[in-house]
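Inspection log for the structure reproduced underneath, given as structure tokens.
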Amino acid sequence: MNTTISISKDTRSLLLDYGRKSENYDGIIRRMYNNNKLQEQMAEFVNEAEFSTLEEAKEWTRMKIKLLNK
């Protein structure tokens, strides 16, 4: 079931710029949503403020992945 939403010409232009060749608005919005959810999940997975070095963050991430894969 399709629906219509009203957006400004500026927003439409942004969607067209963001979109890939032959991608419709539904595809663009779904990809944006999925990218946002992925970023949220990554932020929950690793809080950068908890680590003083990149190596500490990498080690913590390795350990967490091991625990998730058990």
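Relative to the longest principal axis of the Cα atoms of the chain, helix 54-69 runs at roughly 80 degrees. log10 I(q)/I(0), Debye, Cα-only the chain, no solvent, q = 0.13, 0.25, 0.29 Å⁻¹? Those come out to -0.62, -1.14, -1.31, one per q. Annotation: for a label point projected 7 angstrom from Cα along Cα→Cβ of A57, residues of the range 12-43 with backbone N closer than 11 Å are 43.
Rounded to the nearest 500 deg cm²/dmol, what is the calculated helix-only ellipticity per residue at 222 nm for the chain, with -39500 (n - 2.57) per DSSP H run of length n ≥ 4?
Helix-only estimate at 222 nm: -22000 deg cm²/dmol.
Every number in this text was worked out from the coordinates using simple rules, so none of it is lab data. What you see is a predicted model; the values in this text were computed from it and never measured. Neighbour counts run over all protein chains shown; Cβ positions are idealised from the backbone, glycine included.
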